[in-house]
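Heads up, the thing below is written out as structure tokens.
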Amino acid sequence: MEIMTQLESLKKIVKQKLKTNDPAHDFEHIMRVYRNAERICKTESGNKKLVLSAVLLHDIIKNKNQKNSAQKSAKLAEKILKDNNFSSNEIDIISCAIRDHSYSKGRIPSTIEGKILQDADRLDAIGAIGIARAFSFSGSNKRPFYDPKDPFSKNRNLNDNKWALDHFFKKLLTLEGKMNTKTGKSLAKRRTKILKNFLKEIKNEI
Ligand code: ADP
Ligand code: NI
């Protein structure tokens with residue numbers, strides 16, 4: 001029972017803090033990752049309370065152009081967890097998971113809780129929702145969908161700071177191979193097929 005109360009109060013804090021109009025990183029991102037993590041916890045070991053707390057706080061600080069947002073989120077998470085009566089051992093595990101989850105850092109989390117958080121977050125970058133997020137992210141930076149001269153980068157280097165479609169090849173299609181858990185990997189496999197179908201279709205349409 002106490003677990004539910006602690007998670008519910010974290011959820012309230014996060015919802016309040018993440019009143020953003022960035023659809024790629026709003027409270028709904030957190031809730032999708034939460035459901036992914038619940039799904040993974042059914043078949044993997046790992047302390048569910050710690051996993052779900054880490055999920056709720058993993059993007060608590062996320063500003064555009066801000067490097068080290070995982071590090072900063074981990075720091076703020078420590079304070080919030082202390083205020084909510086988590087033990088220091090629990091706080092350590094949760095804040096390490098948050099610090100290590102970020103894609104750009106390229107770390108493999110050392111605990112199973114961190115591995116599940118990273119897998120659950122990565123799942124939200126692929127599949128149908130991943131397609132929506134990639135174009136939303138790119139659009140909010142005023143970038144075109146693709147390079148009209150060479151949409152599939154046959155004769156140029158990938159540049160996902162310029163073209164949304166390049167992000168699929170640069171990052172999204174590689175995620176399946178980087179999943180930590182067996183369950184995460186099998187969920188990623190299905191979502192990667194959706195990406196590949198999308199790429200096939202868009203090739204015909206443009
Ligand atoms: P997270 O680790 O929470 O997935 P990111 O900030 O790396 O966060 O990315 C947020 C979303 O935007 C993800 O779905 C990601 O695939 C997408 N994204 C990140 N960088 C790019 C980019 N250069 N072009 C298109 N989409 C991007
Ligand atoms: Ni995230």
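Multiplying the sequence separation of LYS178 and GLU28 by 0.36 nm and subtracting their Cα-Cα distance, what value in nm do you get?
Numbers: separation 150, 0.36 × 150 = 54.00 nm, distance 2.39 nm.
Once the chain is fully extended between LYS178 and GLU28, it gains 51.6 nm.
May I ask you to give the percent of accessible area on the chain that is carbon plus sulfur, with a probe radius of 1.4 Å?
Values: 5810 of 11300 Å².
The value for the chain is 51 percent carbon and sulfur by accessible area.
Surface listing: CYS96, CYS41 arranged by accessible area from highest to lowest gives CYS96, CYS41, probe 1.4 Å. Normalised by the number of residues in the range 127-172, the average gap of Cα pairs under 8 Å and 6 or more apart makes the relative contact order 33 percent.
Compared with the dominant Cα axis of the chain, that is its longest principal axis, helix 2-17 is turned about 50°. Under 20 Å from a label point set 7 Å out along the Cα-to-Cβ vector of ILE194, the amide N atoms of the range 139-180 belong to 139, 164-180. Net length available on complete extension from GLU205 to LYS19 is 63.3 nm, with 0.36 nm assigned per residue and the Cα-Cα distance removed.
Once all protein chains are placed together, HIS25 keeps about 40 Å² accessible to a 1.4 angstrom probe.
Entry note, the chain: relative contact order of 18 percent, from Cα contacts under 8 Å with a spacing of 6+ residues. Computed 3J(HN,Hα) for the range 105-110, one whole-Hz value per residue from the Karplus formula 6.51 cos²θ - 1.76 cosθ + 1.60 where θ = phi - 60°, is 6, x, 8, 9, x, 7, glycine and proline marked x.
For the range 1-107, the set of trypsin sites (Lys or Arg not before Pro) satisfying both a DSSP loop assignment and a count of at most 13 other C-beta atoms within 10 Å is given as LYS19, LYS64, LYS67, LYS105. A simple spin-label model places pseudo-atoms 7 Å from Cα toward Cβ; at ILE3 and SER104 they are separated by 3.4 nm. Take the Cα of LYS149, step 7 Å toward its Cβ, do the same at LYS12, and the gap between the two points is 5.7 nm.
Exceeding 26 Å between C-alpha atoms, which entries from my cross-link table qualify? They are LYS142/LYS170; LYS15/LYS67; LYS11/LYS171; LYS11/LYS178; LYS17/LYS185; LYS19/LYS67.
Values: LYS142/LYS170 19 Å; LYS15/LYS67 22 Å; LYS11/LYS171 29 Å; LYS11/LYS178 28 Å; LYS17/LYS185 31 Å; LYS19/LYS67 20 Å.
With Cα atoms farther than 26 Å apart: LYS11/LYS171; LYS11/LYS178; LYS17/LYS185.
Accessible surface comparison of ILE126, ILE93, probe 1.4 Å, protein chains only, largest first: the order is ILE93, ILE126. Remark: the ASN63-ARG35 segment gains 7.7 nm on full extension, using 0.36 nm per residue and subtracting the alpha carbon distance.
The values are calculated or read from the model by the stated rules, or taken from the named source; none is laboratory data. Only a predicted model underlies this, so the values are computations on that prediction, with no experimental measurement involved. Neighbour counts are summed over all protein chains in view; Cβ atoms, including those assigned to glycine, are modelled from backbone coordinates with ideal geometry. With ligands, DNA and RNA removed, areas are computed over all heavy atoms of the protein, side chains included. Shrake-Rupley method; radii C 1.70, N 1.55, O 1.52, S 1.80 Å.
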